[in-house]
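Let me begin by presenting the structure, written as structure tokens, before commenting on it.
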There are 6 protein chains.
Amino acid sequence: MNRVLFLNPVGHDQWDQAVKDVLMEAKRDTTEVEVLSLLRGPHHLEYQYYEALVGPDMLHALKFAENGGFDAVVIGCFYDPFLHAAREIVDKMIVTAPCEAGVQIASTLGNRFSIIVGRKKHIPAMRRNVYEYGFKDKLASFRSLDLAVLELHTDEAATQERLKKEAFKAVEEDGAEVILLGCTVQLGFYKELQQELGVPVIDAVLAPFKHAEYLLDMKNRFGWSHSKKGGYEKPRVEEMINWGLEEQYFIQGLWTRIKWPI
Amino acid sequence: MNRVLFLNPVGHDQWDQAVKDVLMEAKRDTTEVEVLSLLRGPHHLEYQYYEALVGPDMLHALKFAENGGFDAVVIGCFYDPFLHAAREIVDKMIVTAPCEAGVQIASTLGNRFSIIVGRKKHIPAMRRNVYEYGFKDKLASFRSLDLAVLELHTDEAATQERLKKEAFKAVEEDGAEVILLGCTVQLGFYKELQQELGVPVIDAVLAPFKHAEYLLDMKNRFGWSHSKKGGYEKPRVEEMINWGLEEQYFIQGLWTRIKWPI
Amino acid sequence: MNRVLFLNPVGHDQWDQAVKDVLMEAKRDTTEVEVLSLLRGPHHLEYQYYEALVGPDMLHALKFAENGGFDAVVIGCFYDPFLHAAREIVDKMIVTAPCEAGVQIASTLGNRFSIIVGRKKHIPAMRRNVYEYGFKDKLASFRSLDLAVLELHTDEAATQERLKKEAFKAVEEDGAEVILLGCTVQLGFYKELQQELGVPVIDAVLAPFKHAEYLLDMKNRFGWSHSKKGGYEKPRVEEMINWGLEEQYFIQGLWTRIKWPI
Amino acid sequence: MNRVLFLNPVGHDQWDQAVKDVLMEAKRDTTEVEVLSLLRGPHHLEYQYYEALVGPDMLHALKFAENGGFDAVVIGCFYDPFLHAAREIVDKMIVTAPCEAGVQIASTLGNRFSIIVGRKKHIPAMRRNVYEYGFKDKLASFRSLDLAVLELHTDEAATQERLKKEAFKAVEEDGAEVILLGCTVQLGFYKELQQELGVPVIDAVLAPFKHAEYLLDMKNRFGWSHSKKGGYEKPRVEEMINWGLEEQYFIQGLWTRIKWPI
Amino acid sequence: MNRVLFLNPVGHDQWDQAVKDVLMEAKRDTTEVEVLSLLRGPHHLEYQYYEALVGPDMLHALKFAENGGFDAVVIGCFYDPFLHAAREIVDKMIVTAPCEAGVQIASTLGNRFSIIVGRKKHIPAMRRNVYEYGFKDKLASFRSLDLAVLELHTDEAATQERLKKEAFKAVEEDGAEVILLGCTVQLGFYKELQQELGVPVIDAVLAPFKHAEYLLDMKNRFGWSHSKKGGYEKPRVEEMINWGLEEQYFIQGLWTRIKWPI
Amino acid sequence: MNRVLFLNPVGHDQWDQAVKDVLMEAKRDTTEVEVLSLLRGPHHLEYQYYEALVGPDMLHALKFAENGGFDAVVIGCFYDPFLHAAREIVDKMIVTAPCEAGVQIASTLGNRFSIIVGRKKHIPAMRRNVYEYGFKDKLASFRSLDLAVLELHTDEAATQERLKKEAFKAVEEDGAEVILLGCTVQLGFYKELQQELGVPVIDAVLAPFKHAEYLLDMKNRFGWSHSKKGGYEKPRVEEMINWGLEEQYFIQGLWTRIKWPI
């Protein structure tokens, strides 16, 4: 069995069950799914400050998950927060995230894609990621719904309508051949949209989850996992203990391999 | 069951069994594997002329495979020959190829990767692909073994030695964190090399095969497959019939859906 | 005398005479022009599958042309199909193509150019070429006529009207200073359009033909021709003979230098 | 008076006095300098995990500084940690950081620059920043001392020697016209190195500090400060209060403008 | 005292006093300001020919300024004419210019910026600079006022209105977070525009002037000035004398250090 | 007849005859060649200041040439000085230059090229041009002879030897398939070098001259010449007269179409 944790890096569990339902249906037979969120923190990550806030808790939950036997963690936010840091601290666990997984899938399915975001505010940070991942020339456009993350499910029919309108423009005017939903909280909308548009619509929960299963499969069979030479070299436990990091950040045992849950 | 065809786009079947053995071990339970090569053509694709030569036969075999019920085809050459054309002619089948799959995996496992090629001759065509896929800034280097494709298995110990030497330099001097084997005929070498180097070494047969299974899984569950709007719009059967393409290219029934005898 | 072959890589000769008429008027005194198309194949290359289909025949015609004493071949399609492969198989012959020649001329005549294509379908493949040639930052826009290749001459006044409309927008809205006609079958339209717009309008038949004459002039005088070291290294005749390629592809004598026509 | 805080985002104050001494000498008369570090955390930020760990405390210290009347904060690490988040949470304060300030200065003083880092481990994260800031084509090379941050002052003569050796190669072999010291802890070395090399050597403490004074001067006179429209839009205090972020992160009063005790 | 010369590279002094008034208010106490224009030449630099025309006189004025004791020169045109040549001929003087200074400031204050130009004619030359400086991905758009340089102050209310209209579109439609005024003659407009828009509006006179003071401050304290190794290596006086350049260009004594004014 | 002027933008005529000899042999029958240099100015353009110095005289000579009936001018320096300004001031004349012509030819003849420069000093300015023209990804390397322009013919055997050594490394180590001689004064060396290397070696005098003939041919037949809309819009004669530019720059009659005495 492969144990995969979908980690919602926010301080409430409002979406956990919905995500879990979706993943239970989407998973392979050999995958065990867990969905968790954080014990404290903002309810969405629209701001980079909120991202920063959840960083330590998210990374610690992720490392506790590795200690506790998880094989992969999906970071549940389209900003891919702390993806590089996460790959640095793991020993063998796979770490994936929505934007990286999504742009790779999208560029395989079509020549150009558009990303539908909640608000224009989200674009600069996402663009940095898309460019950094190498997909600048495949990005047809960002399109904004002008809806905050927490408003996406207030009136789902209205959201679906806006999605359709913007995605349609992305295809017709911007030359997108694939649509990426640029927020995990856009969960639930891809299927209908896909049918209406006639092009693939990539969901931000499903894509990184399947990416995790894929990478896990290869890790198990071929030993391919995140390189620990170079940028993902792991911090030295000894110095962390010497500095008292476990006490300072209330993560007793994390680096000395106490297992989770405790 | 998902039926996956690994198509060696060369005019001999010398490597088919070796590839099949490897894939039978690597496949999921729900995957059926077939490995085929072409009935005529060059024995390797080091030259772009050879690529061009095998194009029609390869695409026809691929389309016959779709007619015959295959769910995915892996194009078995690191030049990813005719990948875009292949995605254009399919209706629903998934098409993958080694370089595209490999650079996506490599960039997820590390910050930079190097590609080990047989001969320097291969570099310009591969570089075009790597850049076109968006991975220019992740490419640490190309390194050449100075061995033709057909010499790779002449003296396997010598090849392994050269691989080790070049891959080691790629890691130490060029800053590669992951190694990509830049030829499907480098089959059989990744495991030992990976152990020696301590970084992931991506095999050019296994990577696109697993990529195919991954994409298939998502297609089956979420309906995500190659977009048929835009660059992958399918040619119109009517005009092909009118022009007599089936007779001209000895592919009677291909476009009128005669199935491929298997 | 320099013998230049304009090779229409399609399976009909409908445009050969029109192209020849134009070239006879455009050629230098020291140039002999021949225009040929293929004996089989699709009637246009809008699809990448059609490109792949004509590949071997086109390359063989081109190589037979070299054997038969031609000094240069112009590949008559704005996708520049198999340009790299063609330069690989020649010994000394010059090979040119419309997009490469066109973007070089355009970038010399103005700061940015737009390409007028028949249908949006053509854009992804052409954009790959324009970017690969280095002209991404000089490309003001693609503009589509929404006319299939075979419809371009159905109602020439209507086509001229659409060309004018899109080219005008390219200049006024997109900042183009030069217009490239993105299809050899747009033959006949550049002159009037140029007069109306007041900016250079580059024809896709004339540009690569003149480019061929230019390169030939330099080859004859200075010995500059396609480098045979690196990416354009020629395949080895010995292995082609050993594999039976001449028999398999019905090109008896091609690589053993039987002259064309036979 | 302009009050500038140099914030060492590490959990010890070992370098604070040395930094303060240097800044007291470097400051304008109208600048008041404070140097502070964090109350907990790792002693260096070589790992991206350590960066993540200090994020919330660093941002909170920075925001407390704004509440307490500081006009600018310099983030004291060449990774420029949380620079975008910091600019998001401020109302009017200026935020600068070493890498951004350094590459701007370097590109003004010469055509290409090299960055001397402690260890190769640092390169991938720094390269992301340098590329994101737009200076990919100005970057001649990274050169590594193969010294951990905490070893830089163990044997200063040896460090100076290594710096000289690598910087000399950067100039002679890589074409650097300016040298950037890629770590704030390389403090103290630039002057001698500059004399030996005959090219500007930019110090990672001084550069962002002067950048802060520069931006402050313009803010005071012209009202230019970080744009609060778009990517640096500030989080809404109301939702932070509703979620209980102040209690959860032990920052009571931070967002309701309790001042920082000074 | 630091002596800074703002050099209007045009053949009339119509704007000198207005620039001086602005700079006298903007300068530090320790700065002495001089504003000069050329004795001959075009009245604006909209054309690259005009740029070329003023080149020698501008560079000679700049070098005379260094001889005469100036510490910095600001080149007063947003094309940054001869910036590289200027940095080559100085010994120790700082040279700055509006576009380089402006894009660096803008990219520090926001994620993307737009440049408001007088006429579309200006865009190609400015784009070359913006791209060369590395800010292609930070450039949201160019927007044109469709006003020649000499018309900008004909009807200031009308100009202000157009500026507002275009800058507003830049923010709302193009995603600009900062506005750059792309001409020194747009002097006087930034303040009101900034208030109306709510984003920083960077003035093309003030930005490079403050950049000069900033660089001077660092030069005085840390010895950082334009690198004289590599691209900014200074011409050899001996050969200039041998060729008679001083006589030929009526710059007697310039290279043999006669001071200015004479 | 097409009259082509090769304009050596230096203040001595030492190379004029050698250039003319070469061009007389290289020209078409229908071309008339003139080679001229300036009446004053530096003897080489290694410095950007020297470039600036010759700018007005060179542009005026070029415009006088147009007035006097020349059909094309070749700017005889590999920095391509004032190429954009030159294209702006012409009415109908063709203007070419060595670097632009050379990189276009080189990229057509091979996949990557190297440029052999005299001194490292030349690289930054040339790299700006190569990148601006779009050939960054085709540039294998710059290689320096460490010889000043005026030393290139001091010991021609030694120069030939150094050229051979650096060009050989460019091919073997850097992957160059074509060599560009990066200075017009490297005249005379290409032929032997080409024979020794077995790859095309592009001469900086011949390449732009043939480019001029090529563009002229197309201009005469198809009306294609430098676009006068956008960046190459011509300055208005009226304002030049009003400002007194003809008197100020001793070019009486230039803009009022007095012909150049020939």
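The values are calculated or read from the model by the stated rules, or taken from the named source; none is laboratory data. What you are looking at is a predicted structure, and each value in this text was computed from that prediction instead of being measured. Cβ sites come from the backbone with ideal geometry, for glycine too, and all protein chains shown count toward neighbours.
Just checking, how many residues over region F:176-189 are at pLDDT 95 or above and either over 20 Å from residue F:96 (Cα atoms) or in the same structural domain as residue F:62 (by TED's automatic domain parsing) (or both)?
Count: 4.
Collect the residues in region C:4-44 that are touching a Gly at 6+ places or on another chain (Cβ under 9 Å) and of a type in the set (Ser, Thr, Tyr), keeping them in residue-number order.
Hit for region C:4-44 is C:37, nothing else.
At the interface with another protein chain (Cβ under 7 Å from one of its Cβ atoms), in contact with a helix residue (DSSP H, G or I) (Cβ under 8 Å, 6 or more places away or on another chain) and not small (Gly, Ala, Ser): which single residue out of C:128, C:143 fits that description?
C:128
Suppose the filter is under 14 Å from residue D:112 (Cα atoms) and of a type in the set (Asp, Glu); does residue D:132 pass it?
Considered against the rule, which asks whether it is under 14 Å from residue D:112 (Cα atoms) and of a type in the set (Asp, Glu), residue D:132 comes out as no.
Go through region B:133-151 and count every residue that is surrounded by fewer than 20 Cβ atoms within 10 Å (Cβ to Cβ) and modelled with pLDDT of 95 or more.
Qualifying residue count, region B:133-151: 5.
Does residue D:194 satisfy being of a type in the set (S, T, N, Q), within 10 Å of another protein chain (Cβ to nearest Cβ), over 21 Å from residue A:233 (Cα atoms) and within 22 Å of the chain's Cα centre (by Cα)?
yes
Quick check, is residue E:157 closer than 30 Å to residue D:193 by Cα and more than 7 Å from every other protein chain (Cβ to nearest Cβ)?
No.
Would you say residue B:246 is touching a Leu at 6+ places or on another chain (Cβ under 7 Å), under 29 Å from residue B:71 (Cβ atoms) and outside any loop (DSSP other than H, G, I, E, B)?
Yes, satisfied.
Condition first: touching a residue at least 12 places away in the same chain (Cβ under 8 Å) and either within 11 Å of chain D (Cβ to nearest Cβ) or among the hydrophobic types (A, V, I, L, M, F, W, C) (or both). Now tell me which residues in region E:175-191 satisfy that.
Answer for region E:175-191, where residues must be touching a residue at least 12 places away in the same chain (Cβ under 8 Å) and either within 11 Å of chain D (Cβ to nearest Cβ) or among the hydrophobic types (A, V, I, L, M, F, W, C) (or both): E:175, E:176, E:177, E:178, E:179, E:180, E:181, E:183, E:185, E:187, E:189, E:190.
Does residue D:86 satisfy being part of a helix (DSSP H, G or I) and more than 7 Å from every other protein chain (Cβ to nearest Cβ)?
yes
Given the conditions (1) in contact with a strand residue (DSSP E or B) (Cβ under 9 Å, 6 or more places away or on another chain); (2) among the aliphatic types (A, V, I, L, M); (3) under 22 Å from residue B:23 (Cβ atoms), and given that residue B:185 satisfies all but one, which numbered condition is not satisfied?
Every condition holds for residue B:185 apart from (1).
For region E:1-49: of the residues being assigned to a loop (DSSP other than H, G, I, E, B) and of a type in the set (Phe, Trp, Tyr), which is surrounded by the fewest Cβ atoms within 10 Å (Cβ to Cβ)?
Ranking the candidates gives E:15 first.
How about region C:206-248: which of its residues are on the phi > 0 side of the Ramachandran plot and either facing chain B (nearest Cβ under 9 Å) or touching a Cys at 6+ places or on another chain (Cβ under 7 Å) (or both)?
C:230, C:244 - these are the residues of region C:206-248 that are on the phi > 0 side of the Ramachandran plot and either facing chain B (nearest Cβ under 9 Å) or touching a Cys at 6+ places or on another chain (Cβ under 7 Å) (or both).
So which of F:185, F:199 ends up being in contact with a Lys or Arg (Cβ under 7 Å, 6 or more places away or on another chain) and among the β-branched types (Val, Ile, Thr)?
F:199
Would a scan of region D:227-235 turn up a residue that is buried (at least 24 other Cβ atoms within 10 Å of the Cβ), closer than 30 Å to residue E:229 by Cα and either assigned by TED's automatic domain parsing to the domain that holds residue D:71 or touching a residue at least 40 places away in the same chain (Cβ under 8 Å) (or both)?
no
Could you figure out which of (1) buried (at least 24 other Cβ atoms within 10 Å of the Cβ); (2) farther than 24 Å from residue B:183 by Cα isn't true of residue B:68?
It is condition (1) that residue B:68 fails.
In contact (Cβ under 8 Å) with a residue 24 or more places away in the chain, surrounded by fewer than 22 Cβ atoms within 10 Å (Cβ to Cβ) and more than 7 Å from every other protein chain (Cβ to nearest Cβ), is that true of residue B:251?
yes
Can you confirm whether residue A:62 is away from chain D (no Cβ under 14 Å), of a type outside the set (Asp, Glu) and either farther than 23 Å from residue B:220 by Cα or in a helix (DSSP H, G or I) (or both)?
When the stated conditions are applied, residue A:62 does not pass them.
Only one of C:115, C:123 is of a type in the set (A, V, I, L, M, F, W, C), away from chain F (no Cβ under 14 Å) and surrounded by fewer than 24 Cβ atoms within 10 Å (Cβ to Cβ). Can you tell me which?
Result: C:123 is the single residue among C:115, C:123 that is of a type in the set (A, V, I, L, M, F, W, C), away from chain F (no Cβ under 14 Å) and surrounded by fewer than 24 Cβ atoms within 10 Å (Cβ to Cβ).
What are the residues in region D:71-83 that are surrounded by fewer than 24 Cβ atoms within 10 Å (Cβ to Cβ) and not in a loop (DSSP other than H, G, I, E, B), if any?
Answer for region D:71-83, where residues must be surrounded by fewer than 24 Cβ atoms within 10 Å (Cβ to Cβ) and not in a loop (DSSP other than H, G, I, E, B): just D:83.
Being within 13 Å of chain F (Cβ to nearest Cβ), surrounded by 24 or more Cβ atoms within 10 Å (Cβ to Cβ) and small (Gly, Ala, Ser) is the requirement here; does residue E:101 meet it?
Here the answer is no, as residue E:101 does not meet what is asked.
Hey, any hits in region F:48-59 for a residue that's facing chain E (nearest Cβ under 10 Å), in contact with an Asp or Glu (Cβ under 8 Å, 6 or more places away or on another chain) and in contact (Cβ under 8 Å) with a residue 60 or more places away in the chain?
Checked against the condition, which is being facing chain E (nearest Cβ under 10 Å), in contact with an Asp or Glu (Cβ under 8 Å, 6 or more places away or on another chain) and in contact (Cβ under 8 Å) with a residue 60 or more places away in the chain, region F:48-59 yields at least one hit.
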